[in-house]
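Have a look at the structure below, then the notes.
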Amino acid sequence: MTHPSPLFDDLDRKIVAALVENARTSFTEIGAAIGLSASAVKRRVDRMRETDVITGFTTTVRPAALGWRTEAYVEVYCDSAAPPRRLAEVVRNYPEIIAAMTVTGGADALLHVMATDVEHFEEVLERIRAEPFVRQTISYMVLSHLLTGSPEAGSAPPATATQ
């Protein structure tokens, strides 16, 4: 059950910052760093989860370690009858699509696709193109990551300095 979000104070910000830096940090460690008991940190985390301030915890994986060595972005142009929720339903069926969003500009959506190789990417692209509401796609293969510490490059976000 979601409750209206109470004030998000400085201690909540510090807790979130610690969890963003390392979601496996214990409540005891966070509490020691910010001057709260582990149980007080847990109560705050539970409250932030209940009010959807914290929506989940994730693991960042280097895609190449899983054999996903080919990366591309695909602009998708849809027929006017394709609402975003329909597009969202379809892209959930593709494990190769690691992110999808609606965008401004000419395209209706942008898909971030990972594949084992170019052949696999082409097969995924053909399946996307076969969707009844897809009118056109434009693909951009990633050659290299300029910001190697980004989540898109399969790295954890850079650690922030604590005060």
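Just so it is clear, none of the values below were taken in a lab; they were calculated from the coordinates. What you are looking at is a predicted structure, and each value in this text was computed from that prediction instead of being measured. Cβ: placed from backbone, ideal geometry, glycine included. Neighbour counts: every protein chain shown.
Below is a table of values for the structure above.
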quantity: Size of electric dipole in the chain: Cβ of Lys, Arg +1 and of Asp, Glu -1, about Cα centre, debye, nearest 20; calculated: 600 debye
quantity: In Hz, Karplus ³J(HN,Hα) per residue of the range 27-35 (6.51, -1.76, 1.60; θ = phi - 60°; x = Gly, Pro); calculated: 4, 4, 5, 5, x, 4, 6, 10, x
quantity: Computed [θ] at 222 nm, deg cm²/dmol, the chain (DSSP H ≥ 4; -39,500 (n - 2.57); rounded to nearest 500); calculated: -9500 deg cm²/dmol
quantity: Estimated vicinal HN-Hα couplings, Hz - the range 109-122 in sequence order (Karplus 6.51, -1.76, 1.60; Gly, Pro = x); calculated: 8, 10, 10, 9, 10, 10, 9, 5, 7, 5, 4, 4, 4, 4
quantity: Integer Hz, Karplus 6.51/-1.76/1.60 couplings in order for the range 82-97, x for Gly and Pro; calculated: 9, x, x, 5, 5, 4, 4, 4, 6, 5, 5, 7, 10, x, 6, 8
quantity: Gyration tensor (Cα) of the range 61-139, equivalent ellipsoid semi-axes in angstrom; calculated: 22, 12, 11
quantity: Cβ crowding within 10 Å averaged over residues, with 33-43, 140-150 ranked highest first; calculated: 33-43, 140-150
quantity: Cα-based helix-to-principal-axis angle, 38-50 vs the chain, degrees rounded to 10; calculated: 40 degrees
